[in-house]
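The values are calculated or read from the model by the stated rules, or taken from the named source; none is laboratory data. These numbers were taken from a predicted model, which means no experiment stands behind them. Every residue, glycine as well, gets a Cβ built from its backbone with ideal geometry; the counts of neighbours run over all protein chains shown.
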Amino acid sequence: MSARDEIRFAVDALRRLPWPVARFVVRARSLARREQDVFSLDSALRPAKLAVLLEAAAGRRTVVELGTGTAWATIALAIADPRRTIESWDPVARLQRERYLGLAGPDVRRRITFVEGLGEDGPGSVTGVDLLFIDSSHDRDPTLAEVATWRPVLAPGALVVFDDYGHPDYPGVAEAVADLGAVGEARASLYLWPLA
């Protein structure tokens, strides 16, 4: 990306995201570019999508994320609400995530638990989950299995958020949403499903 593209990204982050989150995202992106962390640069949520996720997460204190990657969304969720705890599951513990956590500070790190495993292997000991963010395999059957696994620990009124809904490379997400009969709202390629 050119310097102009980086400036555009930073302005977009500052315009759409709360200041502490925007600061983290811009710093994380700068670190990823210096370290040539292509995975993070390609896979991290863009400011528009992250803004929708943070808005949907407002007031939700117990979050489970399936699909940690290098933890940019995890960290952003923790920064956005200092009372929020996050349990994030991924079968691959990427070493880069510790570098990004270093940008956020020790309070953020204390409120995040990483679990090395598939989402459908859960839940662990967490209960009363009021936000389940699914950003994992993007295939239909594993996504359905994750929802079935985590549904018993979802709090009344919980919100399930599916990433890459409607993305042409990941038709399994929309297929899973349809199979679930999930009535919700698509925004910024996220599908927001509030449970009654």
Those residues that are within 23 Å of Glu35 (Cβ to Cβ) and surrounded by fewer than 24 Cβ atoms within 10 Å (Cβ to Cβ), I need them from the range 50-71; list them, please. Gly67, Gly69
Can you name the residue in the range 76-93 that is in a loop (DSSP other than H, G, I, E, B) and either touching a helix residue (DSSP H, G or I) at 6+ places or on another chain (Cβ under 9 Å) or basic (Lys, Arg) (or both) and, of all such residues, is surrounded by the most Cβ atoms within 10 Å (Cβ to Cβ)? Arg84
Complete set of residues in the range 42-69 that are without any contact (Cβ under 8 Å) to a residue 40 or more places away in the chain and farther than 21 Å from Arg151 by Cα: Asp42, Ser43, Ala44, Arg46, Pro47, Leu50, Leu54, Glu55
Return the residue satisfying two criteria in turn: it lies in the range 42-75 and is part of a strand (DSSP E or B) and not hydrophobic (A, V, I, L, M, F, W, C), and of such residues it is nearest to Leu103 (Cα to Cα). Glu65
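Matching residues to (1) modelled with pLDDT under 95; (2) out of contact with any His (no Cβ under 7 Å at 6 or more places or on another chain); (3) closer than 27 Å to Leu154 by Cα:
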position	(1), (2), (3)
Glu6	yes, yes, no
Leu45	yes, yes, yes
Ala48	yes, yes, yes
Glu65	no, yes, yes
Ile75	no, yes, yes
Pro106	yes, yes, no
When you look at Val11, is it in contact with a strand residue (DSSP E or B) (Cβ under 7 Å, 6 or more places away or on another chain), part of a helix (DSSP H, G or I) and surrounded by fewer than 21 Cβ atoms within 10 Å (Cβ to Cβ), yes or no? no
Report the residue count in the range 88-122 for those that are charged (D, E, K, R) and touching a residue at least 40 places away in the same chain (Cβ under 8 Å). 3
Out of all the residues in the range 12-38, which are more than 16 Å from Ala71 (Cα to Cα) and of a type in the set (S, T, N, Q)? Gln36
Filtering strands (runs of 3 or more DSSP E) wholly in the range 130-196 for at least 1 residues that are surrounded by 19 or more Cβ atoms within 10 Å (Cβ to Cβ) gives 154-163, 190-194
Leading residue by the ranking (nearest to the chain's Cα centre (by Cα)) among those in the range 33-44 that are under 24 Å from Asp81 (Cα atoms) and surrounded by 17 or more Cβ atoms within 10 Å (Cβ to Cβ): Ala44
Counted residues, the range 118-136 - those being farther than 19 Å from Ser43 by Cβ and among the small types (Gly, Ala, Ser): 4
